[in-house]
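Single-structure report; data block below.
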Amino acid sequence: MPAFDPDTLDAEAIAADIAVWAAIESPSTDPAAVNRMVGVAEAALHDMGAATERLAPDGPAGDLLKAHFPSANAPAAGTDRPGIMVLGHLDTVHLIGTLAGELDVKRDGDRLYGPGVLDMKGGVVLALHALRALGIQNGGLGLAVTVLLVPDEEIGSPATRALIEREAAKCRYVLVPEPGRPGHLVTGRHAFLRYKLHTYGKAAHAGRPGGAGRSAISAMAALVARVEGFSDQANEISYRVGNIRGGTFVNVVPTECHAEVLCVAPTPEAFEEVQRRMTSLASPDPDVRLEVEAGPVRPLNRAGEGTRELFEMARRVAAEQGLALEMGQFGGGSDGNFTGALGIPTLDGLGPTGDGIHTKSEYLEVSSLVPRARLFAGLVKALVERNH
């Protein structure tokens, strides 16, 4: 394989590219906006020598981008042995207009701020710089590398899960440059379960005392308190209501209310408990109808033998870079949940460090870019050498 040249990794160059990507707003719920970001990523990967392909998702979402670098010693097209998948996403939780409002792209010392700089455009850009440092653009490595970039991760990947699982099944290892955790790499992820609650009441004039009206909002308020009360934070089991809408005019008893719930389960037992609690919910008012709609699920990802071996390789590479890293299972779901649950060795949290994920103060630490890029490149190099 081409020689690894860590001196080509430059924090300022990586940060500059991340800033360009962060300036392209790409909220998950706006497929056209996400596809503008997909186009930029596709051009970058094409310039690196990858064969690129856009895959149509199974539902309303932007395109899933697949870029393939064949191994240097593949005898013919399509004859590669299972190789490495780099798995990331291009969508963010930040709506159009965020740049002009509360979170523009800016530099403040070691911090680079902007929508998606950490979660996870920064990690994707970092991974591409690491692959360039390995010389992948000059004819490939000893293992095939597939880069898969997803358009709907922040909403649970409902339209792309089947595509992710299909493509990952062709690979031997999965590397996920989601935001890094100081002192750790992510070898497992808690399960995430999403639900929608719908309450249906009876209309009436809201200014009339008593009456036959039944408020869908009042019933939902009681349900929110009940559902969030199921949380057991000490054991990292959580139930969060993050979006509520309902009603029309303030002088009309609301007949509909809708809420979205995100549940996190760190164990199989907790997973079953979440499902039991949520599917057995009852309306607090017999005159208000409740519907519980199950949504996308990120399965529990617990480190198997292959993932532990992958971590040990990364730990040794990190030690050479002066980084002391431990393994761990964490919340904060990723598409690595899917690949890990399939039993494919998956190492997550390989991106830069920072803070403020999913807030208007999101930033990455520029000083983490080169050490993490060297770790990423060094791990890919070690995998190639192991399988050569």
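Annotation: of all residues in the stretch 27-52 being under 15 Å from V86 (Cα atoms) and free of Cβ contacts under 8 Å to residues at least 60 places away in the same chain, the one that is nearest to the chain's Cα centre (by Cα) is E42.
For L310, are the conditions met, namely being in the same structural domain as E272 (by TED's automatic domain parsing), in contact (Cβ under 8 Å) with a residue 60 or more places away in the chain and not small (G, A, S)?
For L310, the condition - in the same structural domain as E272 (by TED's automatic domain parsing), in contact (Cβ under 8 Å) with a residue 60 or more places away in the chain and not small (G, A, S) - is not met.
Checked against (1) under 24 Å from K360 (Cβ atoms); (2) touching a helix residue (DSSP H, G or I) at 6+ places or on another chain (Cβ under 9 Å); (3) β-branched (V, I, T), V34 passes all but condition (2). Would you mind stating whether G183 is in the same structural domain as P60 (by TED's automatic domain parsing), surrounded by 18 or more Cβ atoms within 10 Å (Cβ to Cβ) and touching a residue at least 24 places away in the same chain (Cβ under 8 Å)? Considered against the rule, which asks whether it is in the same structural domain as P60 (by TED's automatic domain parsing), surrounded by 18 or more Cβ atoms within 10 Å (Cβ to Cβ) and touching a residue at least 24 places away in the same chain (Cβ under 8 Å), G183 comes out as no. Does L379 satisfy the condition of being farther than 16 Å from G109 by Cα, assigned to a strand (DSSP E or B) and of a type outside the set (D, E, K, R)? So L379 does not fit the description; no. Filtering the stretch 62-118 to residues that are on the phi > 0 side of the Ramachandran plot and modelled with pLDDT of 95 or more leaves G97, G109, G114, G116.
The single condition among (1) in contact with a helix residue (DSSP H, G or I) (Cβ under 8 Å, 6 or more places away or on another chain); (2) surrounded by fewer than 21 Cβ atoms within 10 Å (Cβ to Cβ); (3) of a type outside the set (F, W, Y) that A51 does not meet is (1). Could we say that V274 is hydrophobic (A, V, I, L, M, F, W, C) and under 21 Å from V93 (Cβ atoms) here? Considered against the rule, which asks whether it is hydrophobic (A, V, I, L, M, F, W, C) and under 21 Å from V93 (Cβ atoms), V274 comes out as no. The set of residues in the stretch 236-255 being touching a Gly at 6+ places or on another chain (Cβ under 7 Å) and either crowded, with 17+ Cβ neighbours inside 10 Å or of a type outside the set (D, E) (or both) consists of N251, V253, P254, T255.
Filtering the stretch 185-220 to residues that are aromatic (F, W, Y) and over 14 Å from P286 (Cα atoms) leaves F192, Y195. Considering the conditions (1) in contact (Cβ under 8 Å) with a residue 12 or more places away in the chain; (2) more than 30 Å from P57 (Cβ to Cβ), W21 is excluded by exactly one of them, (2).
The criterion of being β-branched (V, I, T) and within 21 Å of the chain's Cα centre (by Cα) does not hold for V384. The set of residues from the stretch 188-234 being assigned to a helix (DSSP H, G or I) and of a type in the set (A, V, I, L, M) comprises A216, I217, A219, M220, A221, A222, L223, V224, A225, V227, A234. For the stretch 239-355, the helices (runs of 4 or more DSSP H) that sit wholly inside it and include 2 or more residues that are at pLDDT 95 or above and touching a helix residue (DSSP H, G or I) at 6+ places or on another chain (Cβ under 7 Å) are 305-320, 336-341. None of E305, E320, E362 is assigned by TED's automatic domain parsing to the domain that holds G123, of a type in the set (D, E, K, R) and in contact with a strand residue (DSSP E or B) (Cβ under 8 Å, 6 or more places away or on another chain) except E362. Restricted to strands (runs of 3 or more DSSP E) entirely inside the stretch 78-171, those with at least 3 residues that are buried (at least 17 other Cβ atoms within 10 Å of the Cβ) are 84-89, 111-113, 145-150. Looking across the stretch 267-291, the residues that are in contact with a Phe, Trp or Tyr (Cβ under 6 Å, 6 or more places away or on another chain) and surrounded by fewer than 18 Cβ atoms within 10 Å (Cβ to Cβ) come down to R277, R289. Do we have any residue at all in the stretch 200-219 that's within 31 Å of the chain's Cα centre (by Cα) and surrounded by 21 or more Cβ atoms within 10 Å (Cβ to Cβ)? Within the stretch 200-219 (the criterion being within 31 Å of the chain's Cα centre (by Cα) and surrounded by 21 or more Cβ atoms within 10 Å (Cβ to Cβ)), the answer is no, since none of the residues qualifies. Every test in (1) over 29 Å from V384 (Cα atoms); (2) among the aromatic types (F, W, Y); (3) in contact with a helix residue (DSSP H, G or I) (Cβ under 8 Å, 6 or more places away or on another chain) is passed by Y113 save one, and that test is (3). Only one entry in A221, A216 is free of Cβ contacts under 8 Å to residues at least 40 places away in the same chain, at negative phi and hydrophobic (A, V, I, L, M, F, W, C), namely A221.
The values are calculated or read from the model by the stated rules, or taken from the named source; none is laboratory data. Everything numeric in this text was worked out from a predicted model, so none of it was measured. Ideal geometry is used to build each Cβ from the backbone, glycine not excepted, and the neighbour counts take in all protein chains shown.
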